[in-house]
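**Q** Sharing a structure, written as structure tokens. Questions coming.
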Amino acid sequence: MEIVDKISLKYLTERRNKVNTKDPEDYGESALTHFLHNNKNGVSSFFKEDAISFTQEALQQLKPKEEISYEIAHKALQTDLFAPIEVPFLAVKKPKFQFIDLFAGIGGFRLAFQNLGGKCVFTSEWDKEAKRTYLTNFGELPFGDITKEKTKSFIPDGFEVLCAGFPCQAFSIAGKRGGFDDTRGTLFFDVAEIIKRKQPKAFFLENVKGLRSHDKGRTLETILYVLRNDLGYFVPDPQILNAKDYGVPQNRERIFIVGFHPSTGIDSFNYPKPIDKTVSFADVKEADVVPTKYYLSTQYLKTLEEHKARHASKGNGFGFEVIADNGIANAVVCGGMGRERNLVFDNRITDFNPTTKIKGEVNRDGIRKMTPREWARLQGFPDEFIIPVADASAYKQFGNSVAVPAIQATARELLKTLKFI
């Protein structure tokens with residue numbers, strides 16, 4: 001039996017939102033997209049069996065009257081059965097190095113390393129909506145929970161760089177020497193375990209600035225002990241970099257940790273210096289904003305002001321600022337009222353006739369929330385980056401993401417040190 005009809009990978013995008021949304025162990029689509037992206041570089045063997053099984057399942061659904069065997073599915077997969085999704089960020093054809101993307105979110109690390117000539121050979125992310133955004137922009141569906149052994153089993157050998165913006169968790173180190181065992185049960189342990197198994201030439205980890213002082217510095221101390229002593233990597237002192245120093249108008253400080261395998265012989269590293277470029281919110285401001293979606297009512301603005309005043313008197317709680325065109329934004333964050341943390345002026349409000357879509361009279365000062373596209377620009381994502389999700393998910397995704405220019409500046413120094421570029 002010969003399969004001649006092509007199947008659009010767009011079908012998988014639609015299918016993903018209809019079935020198996022509660023089954024994180026269903027990796028068929030992830031294996032298939034990873035197989036197709038790596039079918040000429042030797043990495044595809046790590047995804048082959050699951051890709052064939054999923055192809056068999058997909059063909060059986062499309063041709064219920066036929067008997068689709070494993071052999072038929074295997075042959076069909078070898079004949080370009082699946083028509084690719086049109087995506088804005090295609091994989092590098094002749095890569096200079098390979099990397100993996102853990103806790104991938106929507107692909108900030110991937111954009112940075114791909115821009116520098118790298119090929120991503122594995123990615124994982126547990127959030128369903130973030131996976132959808134990643135697939136839409138890169139054509140690959142990330143694998144799921146990296147703490148699961150099944151997920152780790154798909155990670156190929158031979159990649160050069162491991163990237164991970166891992167969440168910070170407390171370690172139980174009371175009465176212990178501090179080391180690999182002390183991190184068990186945390187997400188950092190899974191990162192360290194993968195480094196130990198796969199022995200990449202280098203790694204690049206990112207976390208919130210507070211990691212440096214977390215648990216009076218003991219958390220970072222334990223992380224560095226594991227990386228340096230248990231795993232044997234050269235790890236220069238971590239640095240806190242601010243996104244505003246690398247070309248985007250956002251005051252976002254994050255701690256970066258890089259490390260090099262002992263086989264590289266590398267024993268020094270310089271983090272990138274700030275670039276000489278003045279940026280402001282005017283550089284990322286959208287020209288056309290839908291009034292009914294982003295302008296605030298007079299009553300809601302009053303509620304925000306009262307909330308800020310009430311908590312400011314206690315020295316804590318949520319606050320907001322109105323960012324002028326010549327100013328820079330506070331760090332974009334997800335959760336709670338994070339999307340109202342940065343408000344902006346837009347004088348076009350004076351000509352706006354409010355509709356019933358806005359509850360209450362629209363404030364006449366022209367104050368509105370930033371849009372998801374403005375958040376994308378604040379994080380350094382190009383306008384070609386597609387936002388396929390609802391605003392609530394988009395704010396969460398960009399708030400959780402990395403600032404691409406700061407990541408790329410550091411990645412360039414890391415790759416130059418490795419002599420990959």
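**Q** Roughly speaking, what % of Cα-Cα pairs in the stretch 142-267 are separated by over 21 Å, rounded to a whole number?
**A** Percent of Cα pairs beyond 21 Å in the stretch 142-267: 41.
**Q** Between G108, G144, G327, where does the largest GNM mean-square fluctuation fall for the chain, given springs only between Cα atoms within less than 10 Å?
**A** With Cα springs under 10 Å in the chain, the top fluctuation among G108, G144, G327 is at G327.
**Q** Here is a follow-up. Using the Kirkwood radius built from alpha carbon pairs, what does the Stokes-Einstein equation give as D for the chain at 20 °C and 1.002 mPa s, in µm² per second?
**A** Details: Rh = 23.4 Å.
Estimated diffusion coefficient is 92 µm²/s.
**Q** Additional query: Among F138, F189, F260, rank each residue by its count of other Cβ atoms within 10 Å, from fewest to most, as a rough exposure measure.
**A** Values: F138 26, F189 19, F260 22.
Sorted ascending by nearby Cβ count, the order is F189, F260, F138.
**Q** For every helix of n ≥ 4 consecutive DSSP H residues, a contribution of -39,500 (n - 2.57) applies; sum these over the chain, divide by its total residues, and give [θ] at 222 nm rounded to the nearest 500 deg cm²/dmol.
**A** Helices in the chain give a 222 nm mean residue ellipticity of -9000 deg cm²/dmol.
**Q** Picking from G265, G158, G105, which is most flexible by a Gaussian network model of the chain using Cα springs under 10 Å?
**A** Maximum among the listed residues: G265.
**Q** Semi-axes of the equivalent ellipsoid for the stretch 106-200, please: Cα gyration tensor eigenvalues, times 5, square-rooted, ordered largest first, whole Å. If you can, show how the numbers build up before the last one.
**A** Details: eigenvalues 140, 47, 31 Å².
The answer is 26, 15, 12 Å, longest axis first.
**Q** Please list 299-308, 192-201 highest first by mean number of surrounding beta-carbon atoms within 10 Å per residue.
**A** 192-201, 299-308
**Q** Could you work out the relative contact order of the chain? I mean the mean sequence separation of Cα pairs under 8 Å and 6+ apart, divided by the number of residues, in percent.
**A** RCO, the chain: 14 percent.
**Q** At 0.36 nm per residue, minus the direct Cα-Cα distance, what do E306 and K96 gain on full extension? Give it in nm, one decimal, please. It would help to have the intermediate numbers written out before the result.
**A** Details: separation 210, 0.36 × 210 = 75.60 nm, distance 5.44 nm.
Once the chain is fully extended between E306 and K96, it gains 70.2 nm.
**Q** Have a look at S45, S53, S69 and tell me which one the Gaussian network model of the chain (Cα, springs below 10 Å) gives the largest fluctuation.
**A** Looking only at S45, S53, S69, the biggest GNM fluctuation is shown by S69.
**Q** Given Cβ point charges of +1 (Lys, Arg) and -1 (Asp, Glu) and nothing else, what value in debye, to the nearest 20, does the dipole of the stretch 88-149 about its Cα centre take?
**A** With Lys and Arg at +1 and Asp and Glu at -1, about 380 debye.
**Q** Now, a different point. Restricting attention to the stretch 27-106, which GluC sites (Glu not before Pro) occupy a DSSP loop and are surrounded by at most 13 other Cβ atoms within 10 Å?
**A** Qualifying residues, ordered by number: E66, E67, E86.
Computed from the coordinates by the stated procedures, all read-outs in this text should not be read as laboratory data. Bear in mind the structure is a predicted one, so any value in this text is a computation, not a measurement. Reconstructed Cβ throughout: ideal geometry from the backbone, glycine too, with neighbour counts over all protein chains shown.
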